[in-house]
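Read-outs: derived from the displayed coordinates by stated rules, not from any lab. Predicted model, so just to flag it, every value in this text is computed and none were measured. Don't worry about glycine lacking a Cβ; one is built from the backbone with ideal geometry, like all the others, and counts go over all protein chains shown.
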Amino acid sequence: MKFVVAGNLREYIQHIHKMGYNKNEYVYVAMSLQLRGLVNIEGFYLGSYMDRPDIAEIQKIIAISKSMVLT
């Protein structure tokens, strides 16, 4: 599963449709809570994601998840 941090749901839907991605494989991050507790989160940022009021929290959770990867 890959997580998509888009500026809003519309941007996510348009991109998923345009690229032909499966919605079950590419999940829209509606809130930072969705990412808590996950390890090594994969995905991408899209569109106006920097305008999200919760972007700092999302980036922090992703950074923590990446640091928890065992090598």
Fewest-first ranking of Phe3, Phe44, using other Cβ atoms within 10 Å as the exposure measure: Phe44, Phe3
Which value, in debye to the nearest 20, describes the size of the charge dipole of the chain about its Cα centre when Lys and Arg Cβ atoms bear +1, Asp and Glu Cβ atoms bear -1, and nothing else is charged? 80
Relative contact order, percent, of the stretch 2-67 when contacts are C-alpha pairs under 8 Å separated by at least 6 residues? 44
Neighbouring Cβ atoms within 10 Å as the yardstick, rank Tyr21, Tyr49 fewest first. Tyr21, Tyr49
For Tyr21, placing the label point 7 angstrom along Cα-to-beta-carbon and taking the stretch 44-61, residues whose amide nitrogen sits under 18 Å are 44-52, 55, 58-59
What's the lysine pair count for the stretch 2-67 at a Cα cut-off below 18 Å, pairs eight or more apart or interchain? 4
Rg followed by Dmax, in Å, when the chain is reduced to its Cα trace: 12.1, 37
Calc'd 3J(HN,Hα), the stretch 28-40, phi into Karplus 6.51 cos²θ - 1.76 cosθ + 1.60 (θ = phi - 60°), Hz, glycine/Pro = x, comes to 6, 8, 7, 8, 4, 4, 4, 9, 4, x, 7, 10, 6
